[in-house]
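Participant: Here it is: the structure, laid out below.
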Amino acid sequence: MNWTEIEQKDFMQVFERLPVTLVKGRGMYVRDDKGKRYLDFVGGIAVLSLGHCHPVLVKAINRQSHKLFHTSNLFYTTPQLKLARLLLKNSDMQRAFFANSGAEAVEGAVKLARRWGHINLSGAYEVISAKNSFHGRTLSMVAATGQPKFQHPYEPLPTGFINVPFDDISAIKEATTEKTCAVLLEVIQGEGGVNVPQTDYIKQVRQWCDEKNLLLILDEVQTGVGRCGTLFAYQQCGVIPDVIALAKGLAGGVPIGAVLATEKASVFAKGEHGTTFGGNALACAASCAVLEYIIKHDLPAHARNMGELMLGGLKKLQQEFQCIVDMRGKGLLLALQFNQDIAKDVALACLDMGLLVNNLKPNILRFIPPLIVQPADINKALCILQKALYKITEQHR
Ligand SMILES: *Cc1c(COP(=O)(O)O)cnc(C)c1O
């Protein structure tokens, strides 16, 4: 049996995987079990901020693993205290809670909003979120995620979530009632197709939340930690949210999540929320190392420059291939859209030529490489992409 057959026999068949088994990586490259090398423009889905096995991260994990892995939150640990300081010093937030994943972080933010509603809005509990959003896979986050394909298999869903069209302030206003306690949005919708809203959208939502005393929760699980060209994507919107959820790139591949909130919004009381693993010393030490590196080397600015380079290259490709109808995104969260469902074929052709790209939707490719990507990597990726497009569009003619 090969690995594909073993997977099909042993696993619950929920993942659509590309046919490759990866065994080790370094920087921008990974190798499969046959020793073939791939340039990685998936980055573990926007997780590998510093690429594969960055020496700084390896060292931090190594060091911490000789000291302390985990204590539970019945005690104080210094990596956790240090990470909170680092995050708060570099955001507009004042209090932190650590979790283990994106879904858990956003769910924590929603629980905070429900406490806010109980305390400040006569028991209001409804959260308005956007269609085409993605907030994770727990039952509540599936209800928050405005995509029927994630929701229908699990009905009835938890109540208290309303999904309205994205990038439409009047839809939020119309959906707001005396039961509303918060608005939950991604700054750019990642899983939904790399959808960038109008410049003023988030600002208008902020004003509406202020007017109605609602919490503005920004899900920066994908857009945060430098990915979009600033440490947090909200910093490009001219607003300060009440709550931010972080995860993916925060510890460069070690599982972690974080809820950050302003002093005003931090209404949890003792015992009202918790976690066993969340904020454990190992994950926090990893995250400190990643964040310190990102800040010290101004990787957000680097992501901005590399993103522009990549977008420029994609625009050139568009002149060559009629099947390309759009390219969009910010920093190193980018997408290429086709007028036909060829994304998987293109991704497979790229794989064959030694490039990992994510076929996000049947007609959309997503590029979310490590933040350490260099111009030579981008040129190489564009070159392989061009060859793959030649191959696939020949077939589709
Ligand atoms: C990936 C993602 C999540 C879920 O994160 P998990 O770690 O898979 O639970 C939530 N929100 C956004 C915006 C994401 O991109």
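The values are calculated or read from the model by the stated rules, or taken from the named source; none is laboratory data. These numbers come from a predicted model, not from an experiment. Positions of Cβ are backbone-derived with ideal geometry, glycine not excepted, and every protein chain shown enters the neighbour counts.
Participant: Would you please name the residue that is surrounded by the most Cβ atoms within 10 Å (Cβ to Cβ), looking only at residues in the range 371-385 that are over 21 Å from V47 (Cα atoms) and within 24 Å of the chain's Cα centre (by Cα)?
Facilitator: L385
Participant: Something else about it: Can you tell me which of G331, G307, G312 is at pLDDT 95 or above, on the phi > 0 side of the Ramachandran plot and not acidic (D, E)?
Facilitator: G331
Participant: In the range 254-271, which residues are within 16 Å of the ligand (Cβ to nearest atom) and crowded, with 24+ Cβ neighbours inside 10 Å? First the steps, then the outcome.
Facilitator: Within the range 254-271, the subset within 16 Å of the ligand (Cβ to nearest atom) is 254-260.
Listed by number, the residues that qualify are I256, G257, A258, V259, L260.
Participant: Checking V357 against (1) free of Cβ contacts under 8 Å to residues at least 60 places away in the same chain; (2) in contact with a helix residue (DSSP H, G or I) (Cβ under 6 Å, 6 or more places away or on another chain), which single condition isn't satisfied?
Facilitator: With (1) free of Cβ contacts under 8 Å to residues at least 60 places away in the same chain; (2) in contact with a helix residue (DSSP H, G or I) (Cβ under 6 Å, 6 or more places away or on another chain) applied to V357, the lone miss is (1).
Participant: Being aliphatic (A, V, I, L, M) and surrounded by 21 or more Cβ atoms within 10 Å (Cβ to Cβ): is that true of L355 here?
Facilitator: Values: aliphatic (A, V, I, L, M): yes; surrounded by 21 or more Cβ atoms within 10 Å (Cβ to Cβ): yes.
So L355 fits the description; yes.
Participant: Could you give every pair whose Cβ atoms fall below 9 Å, whose first residue belongs to the range 4-21 and is over 20 Å from L351 (Cβ atoms), and whose second residue is modelled with pLDDT of 95 or more and surrounded by 10 or more Cβ atoms within 10 Å (Cβ to Cβ), counting only separations of at least 6 or pairs across chains?
Facilitator: From residues that are over 20 Å from L351 (Cβ atoms), there are no pairs.
Participant: I'd like the full set of residues that are under 21 Å from the mean Cα position of the chain (by Cα) and under 24 Å from G252 (Cα atoms), limited to the range 10-24. Break it down stepwise before answering.
Facilitator: At the first step, the residues of the range 10-24 found to be under 21 Å from the mean Cα position of the chain (by Cα) are 14-18.
If the condition is that a residue be under 21 Å from the mean Cα position of the chain (by Cα) and under 24 Å from G252 (Cα atoms), then F15, E16, R17, L18 are the ones that fit.
Participant: Just checking, does the range 233-240 include any residue being more than 16 Å from the ligand (Cβ to nearest atom), without any contact (Cβ under 8 Å) to a residue 60 or more places away in the chain and not in a loop (DSSP other than H, G, I, E, B)?
Facilitator: Yes, there is a match, as at least one residue in the range 233-240 is more than 16 Å from the ligand (Cβ to nearest atom), without any contact (Cβ under 8 Å) to a residue 60 or more places away in the chain and not in a loop (DSSP other than H, G, I, E, B).
Participant: Take the range 312-346 and flag every residue that is among the polar types (S, T, N, Q), in contact with a strand residue (DSSP E or B) (Cβ under 8 Å, 6 or more places away or on another chain) and closer than 15 Å to Y390 by Cα.
Facilitator: First pass over the range 312-346, keeping only residues among the polar types (S, T, N, Q): 318-319, 322, 337, 339-340.
With in contact with a strand residue (DSSP E or B) (Cβ under 8 Å, 6 or more places away or on another chain) added as a condition, the list becomes 318, 337, 339.
Correct list: Q318 only.
Participant: Out of everything in the range 9-44 that is in a loop (DSSP other than H, G, I, E, B) and touching a Phe, Trp or Tyr at 6+ places or on another chain (Cβ under 8 Å), what residue ends up being nearest to N379 (Cα to Cα)? So that I can check it myself, show each step before the final result.
Facilitator: Taking the range 9-44 and keeping what is in a loop (DSSP other than H, G, I, E, B), we get 11-21, 28, 33-36, 41-42.
From the residues that got through so far, the ones that are touching a Phe, Trp or Tyr at 6+ places or on another chain (Cβ under 8 Å) too are 20-21, 33, 41.
Working: V20: 23, T21: 25, D33: 26, F41: 12 Å.
Ranking the candidates gives F41 first.
Participant: Select from the range 28-54 the residues that are of a type in the set (D, E, K, R) and touching a Gly at 6+ places or on another chain (Cβ under 9 Å) and write down the one among them that is surrounded by the most Cβ atoms within 10 Å (Cβ to Cβ). Don't jump to the end; show me each part of the working.
Facilitator: In the first step, residues of the range 28-54 are kept if they are of a type in the set (D, E, K, R); the result is 31-34, 36-37, 40.
Of the ones still in play, those that are also touching a Gly at 6+ places or on another chain (Cβ under 9 Å) are 31, 36-37, 40.
Working: R31: 15, K36: 13, R37: 12, D40: 25.
It comes out as D40.
Participant: Being in contact with a Gly (Cβ under 8 Å, 6 or more places away or on another chain) and either closer than 22 Å to Q235 by Cβ or not in a helix (DSSP H, G or I) (or both) is the filter here, so list the residues in the range 55-76 that pass it.
Facilitator: Quick first cut of the range 55-76, residues in contact with a Gly (Cβ under 8 Å, 6 or more places away or on another chain) only: 57, 73.
Listed by number, the list holds a single entry, N73.
Participant: I'm trying to understand the selection: among the residues of the range 160-214, which are in contact with a strand residue (DSSP E or B) (Cβ under 8 Å, 6 or more places away or on another chain) and either small (G, A, S) or on the phi > 0 side of the Ramachandran plot (or both)?
Facilitator: G160, D167, A171, A175, A182, G190, G192, G193, V194
Participant: On to the next question. Could you name every one of the helices (runs of 4 or more DSSP H) located completely within the range 101-191 that has at least 1 residues being away from the ligand (no atom under 16 Å from the Cβ), polar (S, T, N, Q) and in contact (Cβ under 8 Å) with a residue 60 or more places away in the chain? I'd like the intermediate steps shown before the answer.
Facilitator: Details: elements: 102-120, 139-144, 148-151, 169-175.
Output list reads 102-120.
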